[in-house]
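The values are calculated or read from the model by the stated rules, or taken from the named source; none is laboratory data. Given the structure is predicted, the values throughout are model-derived calculations rather than measurements. Here the Cβ is made from the backbone with ideal geometry for all residues, glycine too, and neighbour counts use every protein chain on show.
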Amino acid sequence: MTAFLTQLGFNLATPMGVFWLCTAWTFSVVTLIWIIGNFQTDHSMMDGYYGFGYAIPVWIAYLVTGPSSATAAVLLTITSLHGCRLGYYLSNRWVGYQKAWGHGDQRYMGFTKKFSPGYWWKSFFVVMEPQAVVIALIGIPATIGVASNIEPAGPLSALGVLGVFVFGVGFYFETVADGQLQAFKADPVNKGRYLRTGVWTNTRHPNYFGNTVVWWGIWLVAVAANHGIWWTVIGPLFNTIMLTGILGRAFQDKFMGVRPEYKKVMAETNSFLPFPKRSITK
């Protein structure tokens, strides 16, 4: 298999070569989903793959490099935990939408209307392939981290242990937030209401907060063992910007901010950090 991939032009002897292989995988799968979605006139099945899209490239990187370092093993483990948990949650939600409405997330239905006519080709550039770019960029610390830490180098350093702890904090918030939200929405009594308990007490987006912290933890583990890959900070930095200023928090608050009930939630909670909102004394 390695020889075949080398013949295709992937230099698996270098971390960047491994990264480009993982990126090629991501773009290939997303393109396949785009093709299938065109026959279904609905690309929401991308949600079923999105979370797993972060775990699988790391599995590929680990498989083709065969590392024997503790750092690579930890990166494989924590990235798999995050990717598979997110993948299961999103795919399960997608199946639920299919059963309830006959289609996936309503946002994809909105894309179909917004970019018609010509949605079939416009969706390639504005709906699907950008998600491949996002997965590849955010996942850089994990794939490069595995490919750059192949040789055994003893146990994790203090910074690496800190990274695992940071990951744990983020993993707790994203897991509990999604679980509490899922249970809240499953109760018909809560229709039209907003979750204000548990990790949702002080922040409107504990799931996005957790996701952000997870990737900073992954980056710390990777860079702790190889300071030369500090530049992979573009991964968690890009993710933070995406979840706070472009999509994520910003998108949700703008979309729901016109609702009177949500305006009250916005006035009483932080948009991102899970701490009590500081009162402003006039």
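Here are a few things to note about the model shown:
- Yes/no for G179 being free of Cβ contacts under 8 Å to residues at least 24 places away in the same chain, farther than 10 Å from A70 by Cα and small (G, A, S): yes
- Of all residues making up the stretch 162-176, the number that are of a type outside the set (F, W, Y) and either loosely packed, with under 15 Cβ neighbours inside 10 Å or over 19 Å from H227 (Cβ atoms) (or both): 6
- Tallying residues that are within 18 Å of the chain's Cα centre (by Cα) and more than 25 Å from T23 (Cα to Cα) within the stretch 100-139 yields 2.
- Test set (1) closer than 25 Å to T6 by Cα; (2) hydroxyl-bearing (S, T, Y); (3) in contact with a helix residue (DSSP H, G or I) (Cβ under 6 Å, 6 or more places away or on another chain) - S80 fails condition number: (1)
- Among the candidates S123, S116, S91, residue that is crowded, with 21+ Cβ neighbours inside 10 Å and over 25 Å from I234 (Cα atoms): S123
- The residue pairs whose first member lies in the stretch 84-99 and is in a helix (DSSP H, G or I) and among the basic types (K, R), whose second member is modelled with pLDDT under 95 and surrounded by fewer than 17 Cβ atoms within 10 Å (Cβ to Cβ), and whose beta carbons are closer than 8 Å, counting only pairs six or more residues apart or on different chains, are R93/Q182.
- Count - residues of the stretch 180-200 that are in a helix (DSSP H, G or I), of a type outside the set (A, V, I, L, M, F, W, C) and surrounded by 15 or more Cβ atoms within 10 Å (Cβ to Cβ): 1
- Criterion (under 30 Å from S28 (Cβ atoms), of a type outside the set (D, E) and part of a helix (DSSP H, G or I)) met by exactly one of L162, L137: L137
- Scanning the stretch 202-215 finds one or more residues that are small (G, A, S) and under 23 Å from G179 (Cα atoms).
Residues are listed down the side, and each one gets a yes or a no for (1) farther than 29 Å from V176 by Cβ; (2) modelled with pLDDT of 95 or more; (3) not β-branched (V, I, T):
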residue	(1), (2), (3)
A73	no, yes, yes
G83	no, yes, yes
Y97	no, no, yes
W101	no, no, yes
K113	yes, no, yes
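- Note on the stretch 214-282: enclosed helices (runs of 4 or more DSSP H) holding 3 or more residues that are in contact with a Leu (Cβ under 9 Å, 6 or more places away or on another chain) and surrounded by 14 or more Cβ atoms within 10 Å (Cβ to Cβ) are 234-241.
- Here is the figure for the stretch 193-211: residues that are among the polar types (S, T, N, Q), touching a residue at least 60 places away in the same chain (Cβ under 8 Å) and under 17 Å from H82 (Cβ atoms) total 1.
- I150 meets each of the listed conditions (1) surrounded by fewer than 15 Cβ atoms within 10 Å (Cβ to Cβ); (2) not in a helix (DSSP H, G or I) apart from (1).
- The set of residues in the stretch 58-99 being of a type in the set (V, I, T) and over 15 Å from the mean Cα position of the chain (by Cα) consists of I60, V64, T65, T71, V74, T77, V95.
- Scanning the stretch 13-53 for residues that are free of Cβ contacts under 8 Å to residues at least 60 places away in the same chain and more than 27 Å from V214 (Cα to Cα) returns A13, L32, I35, I36, F39, Q40.
- When residues of the stretch 117-132 are limited to those that are small (G, A, S) and assigned to a helix (DSSP H, G or I), the one nearest to H43 (Cα to Cα): S123
- Residue count for the stretch 56-86, restricted to those that are surrounded by fewer than 21 Cβ atoms within 10 Å (Cβ to Cβ) and either on the phi > 0 side of the Ramachandran plot or in contact with a Gly (Cβ under 6 Å, 6 or more places away or on another chain) (or both): 1
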